[in-house]
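Visitor: Sharing a structure here in structure tokens format.
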Amino acid sequence: MNATKFKRQAETLMGGLQHLIKNIPQKGNTYAECQLTALLVELKRLNHAVNGVTDEDFIEDNDPKTQ
């Protein structure tokens with residue numbers, strides 16, 4: 001797998017998750033008040049992390065010090 005394929009698959013899954021999350025009614029405007037808001041914030045954080053994935057992330061690390 002490479003970064004492009006990973007991102008494509010992850011974006012598809014995150015899109016489905018976003019669609020599912022939007023079924024929750026909004027009961028406040030902050031993370032602490034509303035599960036909808038909290039889940040959307042975390043989904044954005046996940047999206048940011050996914051966008052940072054590069055092909056180098058798929059290279060095995062054979063250094064025993066990091067395992």
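Visitor: Is it fair to say LYS65 is at pLDDT 95 or above and not polar (S, T, N, Q)? Show your work before the answer.
Guide: On the way: at pLDDT 95 or above: no; not polar (S, T, N, Q): yes.
When the stated conditions are applied, LYS65 does not pass them.
Visitor: Among the residues of the range 30-56, count how many are without any contact (Cβ under 8 Å) to a residue 12 or more places away in the chain, open to solvent by 80 Å² or more (accessible area, probe 1.4 Å) and not charged (D, E, K, R).
Guide: 4
Visitor: Could you grab me the full set of residues in the range 21-61 that are closer than 21 Å to PHE6 by Cα and of a type in the set (Ser, Thr, Tyr)?
Guide: THR54, the sole residue that qualifies.
Visitor: Now for a different question. Do we find a residue being open to solvent by 70 Å² or more (accessible area, probe 1.4 Å), of a type in the set (A, V, I, L, M) and in a loop (DSSP other than H, G, I, E, B) anywhere in the range 17-25? Even if it seems obvious, please write down each step before you answer.
Guide: Within the range 17-25, the subset open to solvent by 70 Å² or more (accessible area, probe 1.4 Å) is 17-20, 22-23, 25.
Next, from what is left, pick out any that are of a type in the set (A, V, I, L, M): 17, 20.
So of that shortlist, the ones also in a loop (DSSP other than H, G, I, E, B) come out as none.
No, because not a single residue in the range 17-25 is open to solvent by 70 Å² or more (accessible area, probe 1.4 Å), of a type in the set (A, V, I, L, M) and in a loop (DSSP other than H, G, I, E, B).
The values are calculated or read from the model by the stated rules, or taken from the named source; none is laboratory data. Not measured: the values here are computed from a predicted model. For neighbour counting, all protein chains shown are included, and Cβ atoms are generated from backbone atoms with ideal geometry for every residue, glycine included. Note: accessible area is taken over every heavy atom of the protein model, side chains too, but ligands, DNA and RNA are not part of it. Shrake-Rupley method; radii C 1.70, N 1.55, O 1.52, S 1.80 Å.
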